[in-house]
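The structure appears right after this line, and notes come after that.
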Amino acid sequence: MNYNFLEIEKKWQEFWKTNRTYQVGFSSKPKLYVLDMFPYPSGAGLHVGHPLGYIASDIYSRYKRHNGFNVLHPQGYDSFGLPAEQYAIKTGQHPKKTTADNINMYRNQLDRIGFSFDWSREIRTSDPNYYKWTQWIFILMFNSFYCPFDNKAKSIKSLINSFEKEGDKKFKSQLSDLGYSFNHSEWDGFNPKKKSEILMNFRLAYLTDGEVNWCEELGTVLANDEIINGVSERGGYHVSKRKVKHWCLRISEYSERLLSGLEKIDWPDPLKEMQRNWIGKSKGVSLNFKVENSKNSIEVFTTRPDTIFGVSFLTIAPEYKDISDLSSQNKLAITEYISEVSKKSERDRLSDVKSVSGVFSGSYAIHPFNGKKVPIWVSDYVIASYGTGAVMGVPAGDQRDFDFAKKFQIDIPNIFKDIDISNAAFSEKTGFKLNNSEFLDGKDYDESLEIIINEIEKKNIGKSKVQYKLRDATFSRQRYWGEPIPIYYKDGIPQNIDPIDLPLKLPEVDNFLPTKNGDSPLGNSKSWAWSEKDKKVTSNDNINNVDTFPIELNTMPGWAGSSWYFYRYMDPSNNENFVSNDSQNYWSDIDVYFGGSEHATGHLLYSRFYQKFLYDLKFLNKDEYAKKLVNQGMILGNSAFVYRKSGTSEYLSKNLISDYKVDKIRIDIKYVNAEDQVNFDLLKKEDRDFKNSKFILENDKFLCVREQEKMSKSKFNVVNPDEICDQYGADTLRMYEMFLGPIEQSKPWDTRGISGVHSFLKKFWNLFYNDSKINLSDEQPSKEALKTLHKTIKKVSEDIEKLSLNTCISSFMICINELSSMKCNNRFVLENLLILISPFAPHFAEELWSQLGNTKSIVDEKYPEFEEEYLVESEKVYPVSFNGKTRFTLNLSLDLNHQEIEKEVLSHEKTKSILDNTIPKKIIIVPGKIINIVI
RNA sequence: GCUCGAGUGGUGGAAUUGGUAGACACGUUGGACUUAAAAUCCAAUGAGCAGUAAUGUUCGUGCGGGUUCAAGUCCCGCCUCGAGUACCA
């Protein structure tokens with residue numbers, strides 16, 4: 001019988017479904033939680049790059065199941081958010097419909113690959129029963145604050161309590177920074193609006209009126225991690241700054257814990273490094289400069305207080321909070337400058353890094369140590385939201401300050417002894433002694449740092465300070481397709497909807513398109529106001545009813561639903577809790593999490609923040625959710641391009657372009673000859689894309705240019721897994737994807753290479769068959785065959801543990817090659833091999849397993865145990881090298897001792913002929929490894 | 001600019017962590033089977049030199065040094081590519 005993969009795969013996929021083979025529950029077995037990042041169901045469908053991580057995690061899950069673990073391996077859909085909505089807008093359909101359609105398409109494609117997902121636990125972030133809990137967590141954040149004394153989140157009630165009992169006493173420093181001061185009776189006297197305003201500065205989910213990244217094309221606000229190189233990550237659109245009232249999550253309070261938590265999780269170093277950079281911790285001091293003839297002072301943050309005597313100016317950001325107090329002298333120029341800066345888009349600002357701009361404020365500050373007057377400048381190279389929004393300009397020690405001073409002819413005092421700073425600043429922390437620095441003269445960095453911090457604290461003009469780059473996360477999206485924010489406004493004061501009334505369902509609207517002016521599409525809904533009495537959404541028309549209030553119109557960002565979804569899989573249909581204690585206690589946390597590193601500073605950071613927040617409030621019992629994380633690499637597609645003479649419809653073969661100005665045009669790979677991979681298929685060029693085009697050939701051929709790029713539908717270089725399944729089968733696809741290379745590496749896809757894996761499976765299959773009948777021997781397996789088997793058991797299980805799945809496939813190939821040449825048809829050996837391969841090629845293994853007469857599925861068979869005794873060798877082929885170069889090999893018994901080996905080697909003819917009567921200087925023998933003779 | 005990561009045959013990639021570089025595949029070439037093709041099987045395949053040949057020999061893991069009996073692997077200095085980040089004081 002032939003290996004009829006189409007029939008086999010269909011048969012077993014149905015078997016698994018009807019027998020609920022992959023459904024799991026509580027068990028006395030040890031648990032293991034293996035998770036993939038769930039997909040966005042976009043309209044493009046899967047290409048062969050998508051399942052890469054899913055296949056790896058599936059192999060790992062199945063392997064662990066054979067080894068006695070109760071493996072939770074669920075899957076679901078991240079179905080809210082921009083991609084789903086964009087697709088809906090493009091196709092002119094309601095996102096609800098397109099999302100459902102896309103999910104069906106994804107599911108069909110996933111099912112063909114034979115994953116062991118427990119689909120009974122499927123979740124969708126856009127399902128009201130799911131987002132009920134996303135909203136619930138938001139309310140929890142809204143009603144919490146970060147307590148600096150206990151260093152954790154606590155209920156806002158305890159803060160209110162403290163205000164009621166002792167006024168601002170406990171939180172004096174924070175409150176006075178915000179400009180508040182009150183005793184307990186004053187607090188009692190504040191009206192609700194004032195109270196809300198004060199509390200808003202503490203809530204972990206808070207409403208603010210600050211600058212945001214506004215993307216007009218997408219019609220929404222974006223978080224920092226959704227912007228790449230100054231343009232939107234999705235679509236690459238223009239992003240500018242805009243003042244908008246919006247919700248934020250106070251993730252910055254968790255900076256230190258997010259940073260230190262990285263130490264205890266086994267995540268890839270590059271990814272941890274990215275999170276560290278994003279959090280951006282730096283130690284320094286904050287320092288006060290008095291403003292001349294004014295009560296005001298300017299606080300700057302610096303990491304180099306040792307360079308204090310090099311200060312020749314101060315610079316403040318255009319958005320600096322007290323700017324109006326300073327600008328009395330030069331008001332007009334400053335206003336002009338500020339408006340100029342605000343017109344610049346994010347991208348202009350980035351591309352403009354080199355150009356220096358700024359304006360003198362007209363005011364001076366007083367140097368706290370030498371009393372000199374230093375001018376205060378305004379410039380956009382200082383960022384308002386970092387540090388204090390003001391810096392001290394030390395042109396000798398900082399290149400930006402240097403450039404600024406040069407441009408505006410500000411003094412550049414040299415504070416470094418014998419260092420030339422005429423062309424550039426000296427910004428190293430080593431290799432200098434200070435100069436012109438009064439009591440710091442002659443000191444190096446470490447010495448002066450200690451002294452100056454001491455002096456600063458003694459004079460009470462500043463203090464040591466730790467700064468983080470991490471900003472609070474913008475949470476509002478002016479979008480339709482997202483979780484409604486469960487907030488309504490009573491007399492302009494935001495109130496959360498009672499959690500009992502969740503979910504707050506997304507209303508039907510006629511028009512869900514984003515608006516250019518930034519109003520949310522939810523405003524289009526006729527029924528979108530909150531009735532406090534009825535506890536439900538009611539018509540906007542009733543907005544003036546006594547107990548009816550407007551609801552928040554913005555929705556949540558895509559990452560809200562994905563920040564906690566891994567807990568929902570543990571208990572997906574619980575209506576009382578987002579996860580039950582029993583479920584959480586049993587499944588605990590993720591043992592291995594597979595996904596792309598592109599989520600490093602988005603999903604993977606936000607979810608750690610959610611985790612810590614829910615841990616603080618004792619809803620979770622771990623403060624990190626994934627012990628180990630694996631970043632699978634991308635699969636690269638082989639994109640194709642043709643050259644076209646600029647301004648014409650004449651196309652030139654690859655090597656004919658030298659004399660012309662040409663445009664490089666991306667073409668669909670369907671036009672490229674599948675055999676040779678460069679020849680443009682002239683038979684297909686009649687397609688409408690190339691109507692009226694002229695093709696100039698070279699040697700009767702038209703050659704394209706091929707380049708490797710990330711596989712993506714927009715690049716016309718995708719390979720559909722369905723086609724591979726049709727042609728070679730899912731098991732071949734699974735094994736080939738693993739065979740391509742290490743899981744974490746990016747690697748190019750080449751369909752031609754698949755034949756090797758496919759013929760391996762056929763070869764394996766043929767070991768069971770003789771003349772189209774199963775033909776196995778029940779005799780004792782040969783010593784040789786057992787050695788091959790156990791060698792493979794050892795190698796494959798070690799490699800799966802290391803997730804080195806590409807080398808597993810090689811080992812299988814070696815094994816089958818060896819057994820084929822032995823003509824091995826031994827039942828014991830082949831049965832064991834079926835279990836070994838079943839994580840990789842599950843349909844294949846199930847089929848042969850059942851053909852051998854087994855009635856139960858192979859998935860719960862015990863994994864074969866490696867036994868050392870079959871591998872014990874009595875001899876070793878030693879490489880004999882001279883001065884480190886191998887010249888010949890020598891087969892020796894492993895029983896020989898050092899002297900005996902030396903004797904054997906030296907008496908060997910080849911040794912004699914190479915030595916040619918010279919006496920070796922030294923002979924190195926590592927028993928069981930190598931022999932090296934030094935001459 | 002800064003921070004990571006990576007450079008091994010024509011291609012994807014192996015190499016027990018310092019011990020026979022190129023496993024396993026793809027591709028290519030030659031052969032067998034076939035009227036033919038597909039499929040399958042067998043053989044060769046890092047580069048060069050010498051030899052009819054078995055074989056011998058030199059070079060060879062981005063480049064230049066170093067440590068070592070021994071370096072793809074460790075150390076120092078560069079180059080190239082990829083990713084992230086970007087006026088973060």
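The values are calculated or read from the model by the stated rules, or taken from the named source; none is laboratory data. Remember, predicted model here, so these are calculated numbers, not experimental data. Note that each Cβ is placed from the backbone with ideal geometry, even for glycine, and that neighbours are counted across all protein chains shown.
Structure notes:
- Listed by first and then second residue, the pairs linking a residue in region A:752-776 that is among the aromatic types (Phe, Trp, Tyr) to a residue that is away from RNA strand B (no atom under 13 Å from the Cβ) and modelled with pLDDT under 90, with Cβ atoms under 7 Å apart and 6 or more places separating them unless they lie on different chains, are A:768/A:774; A:768/A:776; A:769/A:1; A:769/A:775.
- Scanning region A:284-306 for residues that are within 13 Å of RNA strand B (Cβ to nearest atom) and either closer than 16 Å to residue A:387 by Cβ or of a type in the set (Lys, Arg) (or both) turns up A:284, A:285, A:286, A:287, A:298, A:299, A:300, A:301, A:302, A:303, A:304, A:305.
- In region A:385-409, the residues that are over 27 Å from residue A:241 (Cα atoms) and surrounded by 19 or more Cβ atoms within 10 Å (Cβ to Cβ): A:394, A:395, A:396, A:397, A:398, A:402, A:405
- Region A:557-615: number of residues that are part of a helix (DSSP H, G or I) and among the acidic types (Asp, Glu): 2
- Condition met for residue A:743 (within 11 Å of RNA strand B (Cβ to nearest atom), crowded, with 16+ Cβ neighbours inside 10 Å, not in a helix (DSSP H, G or I) and not acidic (Asp, Glu)): yes
- The strands (runs of 3 or more DSSP E) located wholly in region A:441-515 that include 1 or more residues which are among the charged types (D, E, K, R), over 37 Å from the mean Cα position of the chain (by Cα) and away from RNA strand B (no atom under 16 Å from the Cβ) occupy A:487-490.
- The one condition in (1) of a type in the set (Val, Ile, Thr); (2) within 8 Å of RNA strand B (Cβ to nearest atom); (3) farther than 27 Å from residue A:11 by Cα that residue A:796 fails to fulfil: (2)
- Residue A:615 fulfils the conditions (1) closer than 30 Å to residue A:564 by Cβ; (2) in contact (Cβ under 8 Å) with a residue 40 or more places away in the chain except for a single criterion, (2).
- Taking the listed residues A:223, A:205, the one that is within 16 Å of RNA strand B (Cβ to nearest atom), closer than 25 Å to residue A:496 by Cβ and among the small types (Gly, Ala, Ser) is A:223, with no other qualifying.
- Taken together, the criteria place residue A:474 among residues that are crowded, with 17+ Cβ neighbours inside 10 Å and not charged (D, E, K, R).
- Tally, over region A:49-74, of residues that are part of a loop (DSSP other than H, G, I, E, B), in contact with a helix residue (DSSP H, G or I) (Cβ under 7 Å, 6 or more places away or on another chain) and surrounded by fewer than 24 Cβ atoms within 10 Å (Cβ to Cβ): 0
- Qualifying residue in region A:87-103 (condition: closer than 21 Å to residue A:49 by Cα and outside any helix (DSSP H, G or I)): no
Here's the yes/no breakdown for (1) outside any strand (DSSP E or B); (2) of a type in the set (D, E, K, R); (3) at pLDDT below 90:
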position: A:324; (1), (2), (3): yes, no, yes
position: A:338; (1), (2), (3): yes, no, yes
position: A:347; (1), (2), (3): yes, yes, yes
position: A:376; (1), (2), (3): no, no, no
position: A:385; (1), (2), (3): yes, no, yes
position: A:411; (1), (2), (3): yes, yes, no
position: A:421; (1), (2), (3): yes, no, yes
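- Of all the numbered requirements in (1) surrounded by fewer than 20 Cβ atoms within 10 Å (Cβ to Cβ); (2) of a type outside the set (Val, Ile, Thr); (3) touching a residue at least 12 places away in the same chain (Cβ under 8 Å), residue A:250 misses one, and that requirement is (1).
- Per-region count, region A:747-773, residues touching a strand residue (DSSP E or B) at 6+ places or on another chain (Cβ under 6 Å) and near RNA strand B (Cβ under 7 Å from one of its atoms): 1
- Hits in region A:307-326 (condition: hydroxyl-bearing (Ser, Thr, Tyr) and under 38 Å from the mean Cα position of the chain (by Cα)): A:315, A:320
- Of the residues making up region A:702-739, those that are within 15 Å of RNA strand B (Cβ to nearest atom), among the aliphatic types (A, V, I, L, M) and either within 16 Å of residue A:4 (Cα to Cα) or at pLDDT 95 or above (or both) are A:724, A:733, A:735, A:738.
- Checking each residue in region A:814-858 for being surrounded by fewer than 17 Cβ atoms within 10 Å (Cβ to Cβ), polar (S, T, N, Q) and touching a residue at least 60 places away in the same chain (Cβ under 8 Å) picks out only A:851.
- Per-region count, region A:352-374, residues of a type in the set (D, E, K, R) and not in a loop (DSSP other than H, G, I, E, B): 1
- Some residue of region A:690-701 being farther than 30 Å from residue A:62 by Cβ, at pLDDT below 90, more than 13 Å from RNA strand B (Cβ to nearest atom) and part of a helix (DSSP H, G or I): yes
- Members of region A:475-534 found to be out of contact with any strand residue (DSSP E or B) (no Cβ under 9 Å at 6 or more places or on another chain) and among the small types (Gly, Ala, Ser), listed by number: A:492, A:523
Table: residues versus (1) modelled with pLDDT of 95 or more; (2) assigned to a helix (DSSP H, G or I); (3) over 24 Å from residue A:392 (Cβ atoms); (4) of a type in the set (A, V, I, L, M, F, W, C).
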| site | (1), (2), (3), (4) |
| --- | --- |
| A:258 | yes, yes, yes, yes |
| A:263 | no, yes, yes, no |
| A:272 | no, yes, yes, no |
| A:277 | no, yes, yes, no |
| A:283 | no, no, no, no |
| A:286 | no, no, no, no |
| A:295 | no, no, no, no |
| A:298 | no, no, no, yes |
| A:318 | no, no, no, no |
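- Test: residue in region A:605-622 that is touching a Phe, Trp or Tyr at 6+ places or on another chain (Cβ under 9 Å), closer than 30 Å to residue A:667 by Cα and polar (S, T, N, Q): no
- So residue A:653, is it free of Cβ contacts under 8 Å to residues at least 60 places away in the same chain, surrounded by 17 or more Cβ atoms within 10 Å (Cβ to Cβ) and either farther than 30 Å from residue A:32 by Cβ or in contact with a strand residue (DSSP E or B) (Cβ under 7 Å, 6 or more places away or on another chain) (or both): yes
- Within region A:774-792, the set of residues being under 19 Å from residue A:844 (Cα atoms), more than 16 Å from RNA strand B (Cβ to nearest atom) and in a helix (DSSP H, G or I) comprises just one member, A:789.
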